[in-house]
Amino acid sequence: MSWKDTYQIWNNEKNLDADLKAQLDQLNGKDEQLEDAFYEPMSFGTAGMRGLLGPGINRMNIYTVRQATEGLAVFMDTLDQSVKERGVAIAFDSRHYSTEFAHTAAAVLGAHGIKSFVFESLRPTPELSFTVRHLHTYAGIMITASHNPKEYNGYKIYGEDGGQMPPKESDLITSYIRKVENMFTIKTVAESELLANGTMKIIGDDIDQDYLKAVQTVTINADLAKEQGKDMKLVYTPLHGTGQMLGEKALQNAGFTNYEIVPEQAIADGDFPTIKKPNPEDAAAFDLAIKLGKKVNADVLIATDPDADRLGTAVRLPNGEYQLLTGNQIASVMLHYILEAHKQAGDLPKNAAAVKSIVSTEFATKIAQSYGVEMINVLTGFKYIAEQIEHFEATGEHTYMFGFEESYGYLVKPFAHDKDAIQSLVLLAEVAAFYRSQGKTLYDGLQELFKEYGYFSEKTISNVYDGINGADEIKALMKKFREEAPTAFAGHQIVKTEDFSLQTETDAQGNVTKLALPTANVLKYILDDETWIAIRPSGTEPKLKFYIGTSAESKDAADQKVAEFEQALNDFSK
């Protein structure tokens with residue numbers, strides 16, 4: 001069926017949602033936009049689906065949400081009745097239509113007799129992960145597009161361990177989604193009926209209190225936090241998202257009472273009116289926080305993204321200005337604090353381990369190794385960190401200390417099995433308090449670590465390939481890197497090539513060994529100076545991502561090396 005045929009089906013649908021019908025009418029005659037909206041269904045992977053809002057099978061709307069939920073429900077129909085009774089927890093963030101999508105999902109589940117536990121109002125993604133585990137539901141649904149621009153929304157499915165649904169189950173759900181022949185005829189049940197018969201339950205404060213009680217275990221040195229917390233000035237911004245309510249309470253519970261919330265960004269708003277990108281990786285997202293920070297002479301500025309699973313920070317420099325830290329730097333500082341604090345307390349486990357993605361910094365690895373702590377590398381995606389936690393808990397092989405990805409996601413305590421910016425907010429405040437107790441700032445602390453372990457510098461380059469041809473362009477570039485097989489970048493020889501799609505590691509002499517990690521469309525190169533370069537398509541966006549990680553004896557030298565490797569990658573990609 002062509003995109004035009006699919007478009008006509010939508011255009012002729014008599015009961016099409018009024019808002020979507022109006023948007024569809026506005027697209028009349030705009031064939032390029034219509035083709036992009038109707039040429040193929042939204043991709044549904046292990047991270048769920050994420051895309052532009054609007055009418056069409058390649059857009060986020062109530063019909064694609066119904067279709068995705070129908071896939072989950074049909075899959076659950078194949079399982080025991082007890083699974084359906086355990087049900088599905090549902091949460092949503094501040095984005096446009098998030099509330100409607102969450103309640104639409106509950107209505108589809110209800111038609112299958114599957115219980116749903118729906119939050120009364122917006123909540124962070126990590127609380128959804130916690131809730132799945134806390135209520136022992138079979139699955140969870142989170143309506144969010146994380147840090148994407150306002151035009152986007154998304155849909156994530158979580159498994160019973162609180163991590164994103166594993167590939168095996170996710171693939172089965174995807175197959176059921178694709179079998180839905182007509183998304184306009186998917187059965188739903190009125191919410192009033194579901195509430196009356198107990199198939200749908202609204203949840204809220206009771207879960208919040210249990211989650212916040214768990215967050216209190218994140219604090220390592222409670223006396224330090226309370227002593228410094230009453231004076232240390234902290235500026236926090238939730239960037240118009242879900243973080244404020246629980247973030248403030250978590251800070252207060254830990255003893256951090258001398259904080260300021262950026263008032264303009266405390267309002268939950270899917271338009272994100274004060275920022276172009278609600279992303280703590282983006283320097284512009286900190287503009288208002290920096291303005292307030294200078295006004296109140298804040299020690300540290302912290303931002304969380306709309307669904308509060310990612311966290312960024314800006315630290316005060318000696319000249320009074322503020323500098324953003326990278327996700328790798330934040331993770332390294334936090335890991336060092338965790339390990340040092342437990343070492344000083346005499347309770348650092350002998351089998352302690354940290355977990356990171358293969359595209360995250362080796363700075364943290366060196367820190368872990370200096371404490372005799374093993375660093376375990378996993379594929380990109382926090383579900384793989386969650387899998388390691390499950391393995392540790394099942395075997396006792398390791399004690400989990402910390403997990404992170406370079407993309408500003410961290411998990412301190414495994415009561416949630418996804419990255420958790422509320423936990424990270426509390427821990428980073430404690431780290432800042434620790435350095436403040438020594439008359440230092442977080443910036444000073446980072447410089448000390450660089451002097452001890454070397455100057456590490458990393459960069460992530462995201463090249464966007466929009467539209468119908470985008471996927472083909474990404475495939476072509478990945479094919480080029482594989483078939484033309486570079487042997488050097490910027491004058492440095494490649495000593496090892498890891499191809500995770502083939503699960504092979506090939507050295508410079510052509511010797512091949514097997515990789516232990518699962519298959520993934522990722523290439524990683526290890527160079528003769530211990531620099532590493534990785535290439536992978538994004539799992540949620542039309543992007544090809546390049547990662548560079550290197551180190552040197554000075555910051556300037558490390559940064560210069562990153563620039564040279566970036567140029568070499570650009571040259572090869574042409």
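The values are calculated or read from the model by the stated rules, or taken from the named source; none is laboratory data. This structure is a prediction, so every number in the text was calculated from the model and none was measured. We place every Cβ from the backbone using ideal geometry, glycine too, and count neighbours over all the protein chains shown. For the accessible areas, the whole protein counts, side chains as well, though only heavy atoms, and no ligand, DNA or RNA atoms are used. Shrake-Rupley method; radii C 1.70, N 1.55, O 1.52, S 1.80 Å.
Out of everything in region 436-461 that is in a strand (DSSP E or B) and open to solvent by 50 Å² or more (accessible area, probe 1.4 Å), what residue ends up being nearest to Ser332 (Cα to Cα)?
Lys459
Only one residue in Ala471, Ala433 is in a helix (DSSP H, G or I) and open to solvent by 10 Å² or more (accessible area, probe 1.4 Å), so which one is that?
Values: Ala433 fails: open to solvent by 10 Å² or more (accessible area, probe 1.4 Å).
Just one listed residue meets the conditions, Ala471.
What number of residues within region 342-358 satisfy the criterion of being buried (at least 23 other Cβ atoms within 10 Å of the Cβ) and not small (Gly, Ala, Ser)?
Residues that pass the stated criteria total 2.
Quick check on region 73-88. Is at least one of its residues over 17 Å from Tyr138 (Cα atoms), buried (at least 24 other Cβ atoms within 10 Å of the Cβ) and not hydroxyl-bearing (Ser, Thr, Tyr)?
No, that holds for no residue.
Which number in (1) in a strand (DSSP E or B); (2) open to solvent by 10 Å² or more (accessible area, probe 1.4 Å) marks the one condition that Leu301 misses?
Status for Leu301: all satisfied but (2).
So which residues in region 501-513 are in a strand (DSSP E or B) and among the polar types (S, T, N, Q), if there are any at all?
Answer for region 501-513, where residues must be in a strand (DSSP E or B) and among the polar types (S, T, N, Q): Thr504, Thr506, Thr513.
Quick check on region 506-541: of everything there that is in contact (Cβ under 8 Å) with a residue 60 or more places away in the chain and open to solvent by 50 Å² or more (accessible area, probe 1.4 Å), which residue is nearest to Lys480 (Cα to Cα)?
The residue in question is Gly539.
Provide a single number: the residues in region 254-295 that are closer than 21 Å to Phe434 by Cα and crowded, with 18+ Cβ neighbours inside 10 Å.
5
Which residues, taken from region 359-386, are closer than 23 Å to Glu458 by Cβ, over 15 Å from the mean Cα position of the chain (by Cα) and open to solvent by 10 Å² or more (accessible area, probe 1.4 Å)?
Glu362, Thr365, Lys366, Gln369, Ser370, Tyr371, Glu374, Met375, Ile376, Asn377, listed by residue number.
Here are Gly247, Gly270: which of them is in contact with a helix residue (DSSP H, G or I) (Cβ under 9 Å, 6 or more places away or on another chain), of a type in the set (Gly, Ala, Ser) and in a loop (DSSP other than H, G, I, E, B)?
Just one listed residue meets the conditions, Gly270.
How about region 321-409: which helices (runs of 4 or more DSSP H) wholly inside it have at least 3 residues that are among the polar types (S, T, N, Q) and in contact (Cβ under 8 Å) with a residue 40 or more places away in the chain?
Answer list for region 321-409: 327-345.
Being more than 22 Å from Glu405 (Cβ to Cβ) and touching a His at 6+ places or on another chain (Cβ under 6 Å): is that true of Asp466 here?
In short, no.
Pairs please, first residue from region 33-45 and over 26 Å from Ile141 (Cβ atoms), second anywhere and part of a helix (DSSP H, G or I), Cβ atoms under 6 Å, 6+ apart in sequence or on different chains.
What qualifies is Leu34/Tyr7; Glu35/Trp3; Tyr39/Trp3.
Pairs needed: first member in region 546-566, within 19 Å of Val522 (Cα to Cα) and touching a residue at least 40 places away in the same chain (Cβ under 8 Å); second member anywhere, β-branched (Val, Ile, Thr) and open to solvent by 40 Å² or more (accessible area, probe 1.4 Å); C-beta distance under 7 Å; at least 6 residues apart or different chains.
Cβ pairs passing all conditions: Tyr547/Thr460.
Could you go through region 476-487 and let me know if any residue there is assigned to a strand (DSSP E or B) and either surrounded by 14 or more Cβ atoms within 10 Å (Cβ to Cβ) or out of contact with any Pro (no Cβ under 6 Å at 6 or more places or on another chain) (or both).
no
Any idea which of (1) touching a Lys or Arg at 6+ places or on another chain (Cβ under 7 Å); (2) free of Cβ contacts under 8 Å to residues at least 60 places away in the same chain; (3) under 30 Å from Glu120 (Cα atoms); (4) part of a helix (DSSP H, G or I) is the one Met76 doesn't satisfy?
Of the numbered conditions (1) touching a Lys or Arg at 6+ places or on another chain (Cβ under 7 Å); (2) free of Cβ contacts under 8 Å to residues at least 60 places away in the same chain; (3) under 30 Å from Glu120 (Cα atoms); (4) part of a helix (DSSP H, G or I), the odd one out for Met76 is (2).
If you check Phe130, Phe117, which single one turns out to be in a helix (DSSP H, G or I), open to solvent by 10 Å² or more (accessible area, probe 1.4 Å), aromatic (Phe, Trp, Tyr) and in contact (Cβ under 8 Å) with a residue 12 or more places away in the chain?
The conditions single out Phe130.
Quick one: in region 44-100, of everything that is of a type in the set (Gly, Ala, Ser), over 29 Å from Ala18 (Cα atoms) and modelled with pLDDT under 95, which residue is nearest to the chain's Cα centre (by Cα)?
Ala47
Which members of region 164-213 meet the condition of being surrounded by fewer than 16 Cβ atoms within 10 Å (Cβ to Cβ) and among the small types (Gly, Ala, Ser)?
Correct list: Ser175, Ala190, Ser192, Ala196, Gly198, Gly204.
For the subset of region 89-108 comprising residues that are among the polar types (S, T, N, Q) and in contact (Cβ under 8 Å) with a residue 60 or more places away in the chain, which member is surrounded by the fewest Cβ atoms within 10 Å (Cβ to Cβ)?
Thr104
So, in region 215-253, of the ones that are under 24 Å from the mean Cα position of the chain (by Cα) and open to solvent by 20 Å² or more (accessible area, probe 1.4 Å), which residue ends up nearest to Val426 (Cα to Cα)?
Thr219
Do you know which residues across region 206-230 are in contact (Cβ under 8 Å) with a residue 60 or more places away in the chain and not in a helix (DSSP H, G or I)?
Listed by number, the residues that qualify are Thr219, Ile220, Asn221.
If I ask for residues that are surrounded by 15 or more Cβ atoms within 10 Å (Cβ to Cβ), over 35 Å from the mean Cα position of the chain (by Cα) and among the acidic types (Asp, Glu), which ones from region 3-26 would you list?
Result: Glu13, single match.
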